[in-house]
Structures are given as C-alpha cells and as structure tokens.
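Reading through the structure tokens given below for one structure.
The values are calculated or read from the model by the stated rules, or taken from the named source; none is laboratory data. Since the model is a prediction, treat every value here as computed from it, not as a measurement. Virtual Cβ from ideal backbone geometry, glycine too; neighbours counted across all protein chains shown. Just so you know, the surface numbers come from the protein's heavy atoms only, side chains and all, with ligands and any DNA or RNA stripped out. Shrake-Rupley method; radii C 1.70, N 1.55, O 1.52, S 1.80 Å.
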Amino acid sequence: MKNKNGAVCVLFNPNVREFMINFNHYKPFFDELVVVDNSDVFNHDLARQLALMKNVTYISLGENKGIGYAQNLGVLHLAASIDKICFFDQDSWTSVKDLEKLFSLLSANQTYSMLALSTDGLQSKRTNVKDVDEVISSGSIVLRTVFEKLGGFDESLFIDFVDYEFCWRMRASGYRIGIVSGTQLHHQTNSQQVLKHTKSAPFRNYYVFRNAILLIKQKLVFNRSSYVVGLLLKRAVFEIVFNDNRKSRIHFIMRGIVDGVKGRCGELVG
C-alpha cells in the first residue's frame, strides 16, 4: 500500500470563518485530515462544513482535554497507510508548495525524523535544513514510526512545552530535527501584541512555569536546562513589567512554580 500524508489540527473555541480560510490553504495537499475540537460546545456550523469535505474527520471532545490528548487522538484516527504526520493549530497555515518541499525533504533525507516550517518571516530563496533541538508542533511533520515508538505527546502537561518535551525526547533518543528555510508557517491571530510578543491570558503562566520546572526536575529537557531557565526569566520580566493584570500574572506564576516543585500535573483546577 502506498504511504500517504496526513494532518492533525487541534481547535479551541475557533472563529469558524477564519479557521476555514486557514484550513483550505493546506487541505488539498493531504490524503487525510483529522480535526480535533477541544471546545466545550459542539460546533454545528464547523461540523457541517467539514462533513462536506472528502477525507476529513471532525472529532468534538465536548471539553478541553489539553493539546497533547487531542493531538494523540487525532493520530490514532489517521489510517494505517499514513506514514508522515503534520500538525496545525487553528490560526496557522502554509502553502501547498511549502508542504511539498517539507515532505519531499523528509522522504529523501533519511537522517531527519522531524522537519518544521520556518517561522522567522524571512523569505529565503534557498531551501536549507538547519538542525535544532526543538520546534513548535504547528507546521511540523514527523515520521509516524518515530512518533508511535516514543509514545506520542505527554498528555499530563496539558498545554505549554508539550511540543518541546516531545522534541527533547526525540533528541535524547538520537533522532534529528530540522527547520527548513525557504518555507513559511503563517499565523493569523487577533491577539494583542506587546513589544512584538503575543499577549496571553494570565493563567497561561501557570502551565509555562509549572511544566518547565517539572521537566527540569525530571531531567527531560535534553541539554536545554539553561535555555529553559532563560525562557522563564525573560517571561517573568515580560509578564510582570510590560503587561497589565500584574497581580493575576504573578499569582499564576507563583502557583505554577509551587505545583512544579510538588510534581503536580494535568489541568489547572480552581
């Protein structure tokens, strides 16, 4: 049986119109796509539109079970003939042309097990592969054999560092990861920007700090401990100095640190 290309896209309370615009950019490339919706309410409009499309499966979870759970479930619903898997979130898209570059390189270059679209915004005319230790999941493709051998994403993290943790597991197991220049992952986001950084909800700090501490404690950050600590320090300054709702942001940072030290995981409750 011919090996085929599949994609998993995870949603959370999406703007249906904007998502469908993004989805239609890359849909023609794939043999099969699974859309997993983490929203609390079944989206009848989205379900109706996706039902009209060939080789597209829509799964509504009825609650937010976390990014790792949704991505792993999506992979399970892909046909056995799918040997390379691409991940997207609801506000990301790329061109079929760039996907062709990515998948062709992964097929031709047996030394890499994961390749990712560039996110730097630079329009390079040359297509090169740069070795890295981590990439975001959106716009990345991974060999299914490697994904399944390593057990997929860690669902206990819920959100934040889920993609990085999987990459670090890959690197610790000897697999190579690369970013492909001359390609581009586009983001369509209405989020407010502060100093060219996306302004996130205060509660996200809980997951960032908790998960970073959990992974450092468990020695699951490959050789990236200093990098992760640097990320936390920069984030703390950005969140406390340059954002509003500082009291709330500090609260979630401290709560995340405490729960990370205590080894708590899963969804934030209360």
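For Lys247, a cut-off of 22 angstrom between C-alpha atoms picks up these lysines, skipping any fewer than 8 places away in its own chain: Lys199, Lys234. Candidates Gln49, Phe147, Met170 compared by Cα position along the dipole of the chain: farthest toward the positive end lies Met170, with charges placed on Cβ. Taking the 1.4 Å solvent-accessible surface of segment 53-141 as the whole, the part contributed by carbon and sulfur is 50%. The residues of segment 56-208 present an accessible area of 44 Å² per residue when probed at 1.4 Å with all protein chains retained. Taking Cβ atoms as reference points and 11 Å as the exclusive limit, the residues near Cys9 contribute a net charge of -2, counting Lys and Arg as +1 and Asp and Glu as -1. With an a/c value of 1.5 or above and a/b not larger than b/c for the gyration tensor axes a ≥ b ≥ c computed over the alpha-carbon atoms, segment 112-270 is described as oblate. In terms of overall dimensions, the chain has a Cα radius of gyration and Dmax of 18.4, 57 angstrom.
For segment 227-270, report the accessible area per residue in Å² (1.4 Å probe, heavy atoms, rounded to an integer). It would help to have the intermediate numbers written out before the result.
Values: 2800 Å² over 44 residues.
Ligands and nucleic acids excluded, the figure is 64 Å² per residue.
The fraction of accessible area contributed by carbon and sulfur in segment 165-221 is 53 percent, rounded to a whole number (1.4 Å probe; ligands and nucleic acids excluded). Other residues with beta-carbon under 12 Å from the beta-carbon of Pro28 carry, at +1 per Lys or Arg and -1 per Asp or Glu, a net charge of +1. The long axis of helix 246-262 is offset from the longest Cα principal axis of the chain by roughly 80 degrees.
Taking the Cα centre of segment 51-181 as origin and charging only Cβ (+1 Lys, Arg; -1 Asp, Glu), how large is the dipole, in debye to the nearest 20?
600
Seen against the Cα atoms of the chain and their longest principal axis, helix 225-241 is set at about 70 degrees.
Under the rule that an exposed site lies in a DSSP loop and has at most 14 other Cβ atoms within 10 Å, name the longest stretch of the chain with no GluC sites (Glu not before Pro) of that kind, not counting the sites themselves. Result for the longest clean stretch: 64-266. In straight-distance terms, cross-link reach from Lys84 covers every one of the lysines whose alpha-carbon lies under 21 Å from its own, apart from those fewer than eight places away in the same chain; here that gives Lys2, Lys4, Lys27, Lys54, Lys97, Lys101, Lys130, Lys149. Computed from Cα positions, the angle between helix 67-76 and the longest principal axis of the chain comes to roughly 20 degrees.
Computed about its Cα centre, the charge dipole of segment 44-106 is approximately 180 debye, with only Lys, Arg, Asp and Glu carrying charge at their Cβ. Computing FRET efficiency as 1/(1 + (r/R0)^6) for Ser95 and Val261, where r is the C-beta to C-beta distance and R0 is 51 Å, gives about 0.70.
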